[in-house]
Amino acid sequence: MKTMKYVLSLFAAMLLMCCSTENGEIKAQTMTQKMYITIGSETHSVTLVDNVATQEFVSRLQSADINVTLDTNGSFEIWGPLGFSLPTSNEQITAQPGDVILYGGSNICIFCGTNSWSYTRLGHIDGLSESELRTFLKIGQSNIAVKLSLSSETTAVNSVRRTASEDGACYSLNGQRVDSPSKGIYIRNGKKVVL
């Protein structure tokens, strides 16, 4: 019996070392890797909790950004399907403004208010007040385009403009203009040509 009490005491001590409390909420260990949420032209960082769900999520984000379409639920969150499932470690928690939560293993919820449910915590948006979160998350709207990534930089080529003087110009395969091409493979007017 003493051995069982000792094991349980040791387990409780290990739990306390892994977690700290703040305002009655348990704060889990966090990852050094940040995730970024982009809505419209605004991007904010997310401090991720270190668990099996976020580890797999980061692994997926290393391959490619994830784009989701989310909808407002009440006035406290936006949520929607990820398009894939992640492992869960659900627990009864009260989500706080800024929390990023996995619901049902395949849905992402981003909170600007509070709600108690059985969730897997993914992380927390850094540095935004509740009113700033409401604006950023476009609370009240539906079909909100959200990009999840591991980079805070967004790059995109919106269009390529060709001037009349560039028509017929040759470019090497690495994109450099070649004024006097010799024999080889080049790009001319957007097509591969052999000279």
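Taking the Cβ of THR54 as the centre, find all other residues whose Cβ is under 14 Å away and add up their charges (Lys, Arg: +1; Asp, Glu: -1).
Result for the local shell: 0.
Heavy-atom accessible area per residue, the stretch 52-119, 1.4 Å probe: how many Å²?
43
What residues qualify as long-range amide H neighbours of CYS170, i.e. H under 5 Å apart, gap of 5 or more or another chain, H built at 1.01 Å from N?
For CYS170, the qualifying residues are VAL178.
What does the charge add up to near GLN33, with Lys and Arg as +1, Asp and Glu as -1, over the other residues with Cβ less than 14 Å from its Cβ?
After counting each charged neighbour, the total is -1.
Rounded to a whole number, what % of the accessible area of the stretch 22-144 do carbon and sulfur atoms account for, probe 1.4 Å?
Roughly 43 percent, rounded to a whole number.
Around ASP99, which amide H atoms from residues at least 5 apart in sequence, or from another chain, sit under 5 Å from its own amide H, with H modelled in the peptide plane?
Amide H to amide H, under 5 Å and 5 or more residues apart or across chains, ASP99 pairs with PHE111, ILE125.
Keeping all protein chains in the complex and leaving out DNA, RNA and ligands, what accessible area do you get for ARG60 with a 1.4 Å probe, in Å² to the nearest 10?
Accessible area, nearest 10 Å²: 90 Å².
The values are calculated or read from the model by the stated rules, or taken from the named source; none is laboratory data. Since this is a predicted model, take the numbers as computed values, not measurements. Backbone-built Cβ (ideal geometry, glycine too); neighbour counts: all protein chains shown. The accessibility values were calculated without ligands, DNA or RNA, using every heavy atom of the protein model including side chains. Shrake-Rupley method; radii C 1.70, N 1.55, O 1.52, S 1.80 Å.
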